[in-house]
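Step one of this worksheet: look at the structure below.
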Amino acid sequence: MSTQGRPKGEYRSAQHEGARVTPPGRAEGEYRSAQHEGKPLNAPFETRPLAPALGAEVLGVSLAGGVSDALFEGIYQAFLRYQVLLFPPQALSPADQVRFARQFGEVQVHVMQQYHADGHPELYRLSNLDAHGRPSGKHPDRGTLAWHTDGSWSRVTGQATVIYGEVVPEIGGETHFCDMYSAYERLSPAWKARIAGMRALHNLDFSRNRRHGEDPMTAEQRRAKPPVDHPVARVHPETGRTCIYLGDHAESIVGMPYDEGRALIEELNALAIHADATYEHRWTRGELLLWDNRCVLHRATEFDTATQARVVRRCTVLGEVPQAA
């Protein structure tokens with residue numbers, strides 16, 4: 001299926017050239033003005049805010065069996081406006097989830113093949129269940145517990161993430177989100193000047209070993225995904241707004257001594273998180289969450305892996321090469 005009326009492949013080509021893309025029929029910055037001026041959302045469904053700063057629940061929409069172009073256009077408008085979307089509990093097959101993700105663009109095939117699931121290489125399953133379907137006591141990926149953005153360790157980074165809750169714990173295992181537009185806007189003029197033109201090196205091997213070193217990447221996986229650098233302050237290619245682009249995959253600062261760069265990243269990652277710009281989601285089985293990795297950080301929270309079960313399956317859609325503010 002083509003995406004929002006675009007010829008198949010058009011959006012992908014522009015992304016790989018690092019171009020800023022505005023979908024046909026929308027002026028650049030249109031969503032920004034609609035969001036900030038409170039214009040009504042032109043969508044064939046109702047939404048309900050999840051938190052004051054970001055997030056909305058999409059009411060009465062079933063994703064099973066496919067989504068029409070007209071419905072997807074409304075979902076995409078809401079995606080850009082609210083940054084995080086929640087779809088109510090519904091039965092959604094792995095194939096339907098992948099089909100929905102593909103409407104946003106090319107779906108990432110994660111380099112860590114051990115997480116692939118259900119015959120779809122685009123799916124990344126996080127489960128703490130053993131072969132008998134019982135809690136194993138092992139966390140599937142402790143890196144998810146730190147604030148991060150999906151796919152920042154690739155040259156072409158993550159755009160949308162689509163995640164479905166198959167099994168959810170009674171306590172813990174939440175997913176939290178924080179708005180990186182307001183994170184940038186709240187920086188002091190001195191901080192903004194300091195990070196202007198600055199680039200950070202993002203490295204999956206670094207974050208994996210740091211958080212989940214008991215299951216490191218293989219040599220082949222490390223070769224497939226070497227470190228890449230991105231601007232610390234990036235411009236969202238569709239809203240035109242500036243946001244902080246760091247998170248836990250960011251290892252060092254280009255042109256800065258390693259320890260000094262590490263200290264800056266840790267400080268700025270901490271400065272970026274504001275309680276009043278955060279949405280904390282407690283899962284109900286069968287819910288689906290969708291978010292914009294270009295302007296949102298997220299993390300999971302701890303749960304008792306020995307007594308509680310948590311199984312989620314995820315698709316990450318490829319976006320573009322980030323452009324500096």
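Here, each number is a calculation from the coordinates, and none is a lab measurement. Bear in mind that the values here come from a model prediction, so they are computed numbers and not experimental data.
What ³J(HN,Hα) values, in whole Hz, does the Karplus curve 6.51 cos²θ - 1.76 cosθ + 1.60 give for segment 125-134 when θ = phi - 60°, with x put for Gly and Pro?
Computed from phi, the couplings for segment 125-134 are 9, 10, 9, 9, 8, 8, 5, 9, x, 10 Hz.
What does the extension gain come out to for I273 and W191, with contour length at 0.36 nm per residue minus their alpha carbon separation?
Gain on stretching I273 to W191: 28.0 nm.
Looking at (i) 23.2, 97; (ii) 18.9, 56; (iii) 20.0, 70, which value of Rg and Dmax of the Cα atoms in Å comes from a calculation on the structure shown?
Of the listed options (i) 23.2, 97; (ii) 18.9, 56; (iii) 20.0, 70, (ii) comes from this structure.
Please state, as a whole number in µm²/s, the translational diffusion coefficient that the Stokes-Einstein equation yields for segment 256-307 at 20 °C and 1.002 mPa s, with Rh defined as the Kirkwood radius across alpha carbon pairs.
Answer from the Stokes-Einstein relation: 149 µm²/s.
Between Y258 and M112, 0.36 nm times their residue separation minus their Cα-Cα distance comes to what?
Answer, rounded to one decimal: 49.9 nm.
Mind listing the phi-derived Karplus ³J(HN,Hα) values for segment 84-98, rounded to whole Hz, using 6.51, -1.76 and 1.60 with θ = phi - 60°, and x for any glycine or proline?
10, 10, 10, 9, x, x, 7, 7, 9, 6, x, 5, 5, 5, 5
What 222 nm value per residue comes from the helices of the chain, counting each DSSP H run with n ≥ 4 as -39,500 (n - 2.57) and dividing by all residues, nearest 500 deg cm²/dmol?
Details: 9 runs with 80 residues, N = 325.
After summing the helix terms and dividing by the residues of the chain, the value is -7000 deg cm²/dmol.
Rule-of-thumb check for segment 173-325: C-alpha Rg over 2.2 N^0.38 Å?
Segment 173-325 yields a ratio of 1.11.
Enter the Cα centre distance for the pair segment 180-198 and segment 269-325, rounded to the nearest angstrom.
One Cα centre to the other: 22 Å.
If you stretched the chain out fully between S93 and D215, how much longer would it get, using 0.36 nm times the residue separation minus the C-alpha to C-alpha distance?
Numbers: separation 122, 0.36 × 122 = 43.92 nm, distance 2.87 nm.
In short, 41.0 nm is gained.
When the chain is treated as a GNM, springs tying every alpha-carbon pair under 10 Å, which of P216, P40, P94 comes out with the largest mean-square fluctuation?
P40
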